[in-house]
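Asker: Sharing a structure, written as structure tokens. Questions coming.
Any read-out appearing in this document is the output of simple, stated calculations on the displayed coordinates, not a laboratory observation. Keep in mind the model is a prediction, meaning the values are calculated, not measured. Note that each Cβ is placed from the backbone with ideal geometry, even for glycine, and that neighbours are counted across all protein chains shown.
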Amino acid sequence: MRKIECISVFDMLKVGVGPSSSHTLGPWRASQRWIDELKKKEIFNEVEAIHIDLYGSLSLTGKGHATDIATILGLCGHDPVTMDIDIINPEIDKIRETGKLSLNAERTIDFSIKDDVKFNKNFLEFHPNGMTFRATLKNGKKTSSSFYSIGGGFVVKKERKNASKKIKSFMEFPFSIEKATELLEYCDAEDKTISEIVLENEKSLRSEKEIDDGLRDIWKVMLESMYIGCHTEGTLPGGLNVKRRSFEMHQRLIGDEKYDSPESWITAIRRTEVKFRQILKWVSCFAISVNEVNASLGRVVTAPTNGSAGTLPSVMMYYMVIENHEATFKDLKRFMLVAGEIGSLFKKGATISAAMGGCQAEIGVSSAMAAGGLTELLGGSPAQVLMAAEIAMEHHLGLTCDPIGGLVQVPCIERNAMGAIKAINAAEIALESDATKAKVPLDKVIATMWDTAKDMNSKYKETSEGGLAVKVNLSDC
Ligand code: SF4
């Protein structure tokens, strides 16, 4: 029997803390898993000292991506979904000042952020995002464990080919999907839309009420991240002096409209005069706002990564405030189910890790996800949905990852706006096309993206050793 990884929409869309899913959320989760390991081995209470080694891309861009902070917060027992983000900096400052860390909020040990988190430039063999946790026990014995953050907040311990076996243990979905062609066959055979097929798979994991509650939570965080971004002035942290742009952009767009909550904000936007230029500006504003929140260690939804967290929400907002003022949760649900499935096709057939595939794996995939979701909402057939996803990725192929200063700011924030606009464009082209005659099937573009990823020089894969990251002088910023 063929073994196909079961990836839920809740694996692709996760609530987390910025700025990066692979460099912040993943390492944070790895710390939590290591604490669990220590407990299972019944040596948690014996730990006297801890040392963290970050390797490869986690080291090269780890400072800008707050990888050190994320691992420490995980060791302290904080969870990225529930932690009050306002206490992150005070918590880290306290550890820095006292030299003490509260392990899983249970035991205090000595810990020096400067000496006990090491950024190693060498790469571990299996994956560019490697990290090793080391502990010294009271009896002098040492223990260690390595983890790999493979993108989108996913963390594994072993090789890629074995890693997928860890996820959901290969439990069977009613509709096992590895390739887009299989998804299309199920839609044809069952006379269902893509979201209906994906919903059947999700229902094998949890009740429909749990699915709805989970997706409502996801949307709430997406909407709040746009709202917060559009209402926050100032400069982003990290030293690049990047000014937050969505605040003033939003002020000019919203004008004198009144509102007092994220929900009434949506209605207020619908009342504004929207011409073509304003559409482009609104979509850009939504996308930029999310990624400004992400860049300042705010709460966003990983979709499929934190660096690309703005694309999906901005396209969903486009649908709600431009295309369909009567949009309901049912529409959001369909959008997210389709988007999640398209993201999972890329994860299975290629990668959603910039350290493996450059920015095509982040912004490219998010754009394809958004294009597919929007196309279904606009009445596209399953074939047109897949065609839209294909078009969106086709025009991101080869996109490099070269964040200046290792910060998820330049070019990352604007790239989300580009990904969103391309997604809308891809949906419109697909809707005007006979998708049964598409020259480039989605599966082929996924395979091409993976080949391109493998051929890409490592300096363009989230190392900040090439592209804009070396061409732009930090001291000029
Ligand atoms: S350049 Fe793209 S892939 Fe790289 S950190 Fe920025 S958004 Fe992520």
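Asker: Report P(r) for region 18-166: all Cα-Cα distances, bin width 10 Å, range 0 to the bin holding the largest distance, values in whole percent.
Answerer: The distribution over region 18-166 is 12, 45, 36, 8, 0, given as percents.
Asker: Could I ask something else about it? Of ILE87, TRP34, ASN416, which is farthest towards the positive pole of the chain's charge dipole, taken about the Cα centre with +1 and -1 on the beta-carbons of Lys, Arg and Asp, Glu respectively?
Answerer: Projecting each Cα onto the dipole axis, the largest value belongs to TRP34.
Asker: Using the count of nearby Cβ atoms within 10 Å as a rough guide to exposure, how do TRP450, TRP28, TRP265 rank from fewest to most?
Answerer: TRP450, TRP265, TRP28
Asker: Let me have the 222 nm mean residue ellipticity of the chain computed from DSSP H runs of 4+ only, each contributing -39500 (n - 2.57), with the sum over all residues rounded to the nearest 500.
Answerer: That calculation yields -15000 deg cm²/dmol at 222 nm.
Asker: Convex hull over the Cα atoms of region 291-363, averaged projected area in nm²? Don't skip to the end; give the middle numbers.
Answerer: Details: hull surface 21.8 nm².
Across all orientations, region 291-363 yields a mean hull projection of 5.5 nm².
Asker: Sorted from largest down, give the three principal axis spans of the alpha carbons of region 368-477, whole angstrom values.
Answerer: Cα extents, longest axis first: 50, 27, 14 Å.
Asker: Still on this model: Treat every Asp and Glu Cβ in the chain as -1 and every Lys and Arg Cβ as +1, leave all other atoms uncharged, and give the resulting dipole magnitude about the Cα centre to the nearest 20 debye.
Answerer: Charge dipole of the chain: 1260 debye, to the nearest 20.
Asker: Which pairs break 29 Å Cα to Cα here: LYS41/LYS459; LYS63/LYS330; LYS14/LYS39?
Answerer: From the list (LYS41/LYS459; LYS63/LYS330; LYS14/LYS39), the Cα-Cα distance tops 29 Å for LYS41/LYS459; LYS63/LYS330.
Asker: Below 21 Å, Cα to Cα, which lysines can LYS454 reach? Residues fewer than 8 away in the same chain don't count.
Answerer: Qualifying lysines at Cα under 21 Å: LYS121, LYS158, LYS161, LYS179, LYS347, LYS348, LYS444.
Asker: Now for a separate question. Using mean Cβ contacts within 10 Å as the protection proxy, how do 296-305, 69-78, 246-255 order, highest first? Don't skip to the answer; put the middle values down first.
Answerer: Values: 296-305: 26.9, 69-78: 23.7, 246-255: 17.0.
Going from most to least packed, we get 296-305, 69-78, 246-255.
Asker: Of all trypsin sites (Lys or Arg not before Pro) in region 1-98, which ones are in loop regions per DSSP and have a Cβ with at most 15 other Cβ atoms within 10 Å?
Answerer: Counting only loop positions with at most 15 other Cβ atoms within 10 Å, the trypsin sites (Lys or Arg not before Pro) in region 1-98 are ARG2, LYS3, LYS41.
Asker: Which residues' amide hydrogens lie under 5 Å from the amide hydrogen of LYS63, considering only partners 5 or more residues apart or on another chain, with H built in the peptide plane?
Answerer: Residues meeting the criterion, in which the H sits 1.01 Å from N, do not exist here.
Asker: Size of the dipole of region 308-457 about the Cα centre, Lys and Arg at +1 and Asp and Glu at -1 on the beta carbon, nothing else charged, in debye to 20? If you can, show how the numbers build up before the last one.
Answerer: Numbers: 11 positive and 16 negative charges, 61 e Å.
Dipole magnitude for region 308-457 comes out near 300 debye.
Asker: Return the distance in nm (one decimal) between the two label points of a simple spin-label model at THR235 and SER144, each offset 7 Å from Cα along Cα→Cβ.
Answerer: Going from the THR235 label point to the SER144 one covers 4.0 nm.
Asker: Another one. Tell me the GluC sites (Glu not before Pro) within region 303-409 that lie in a loop according to DSSP and have at most 16 other beta-carbon atoms within 10 Å.
Answerer: Within region 303-409, the qualifying GluC sites (Glu not before Pro) (loop, at most 16 other Cβ atoms within 10 Å) are GLU326.
Asker: Report D for region 180-476 in µm² per second (integer): Stokes-Einstein, Kirkwood Rh on Cα pairs, 25 °C, 0.890 mPa s.
Answerer: This corresponds to a translational diffusion coefficient of 128 µm²/s.
Asker: Using label points projected 7 Å from each Cα along Cα→Cβ, tell me how many nm separate LYS158 and GLU432, to one decimal.
Answerer: The answer from the label model is 5.1 nm.
Asker: Under a point spin-label approximation (7 Å from Cα along Cα-to-Cβ), what is the ILE4-SER207 distance to one decimal in nm?
Answerer: A separation of 2.8 nm, rounded to one decimal place.
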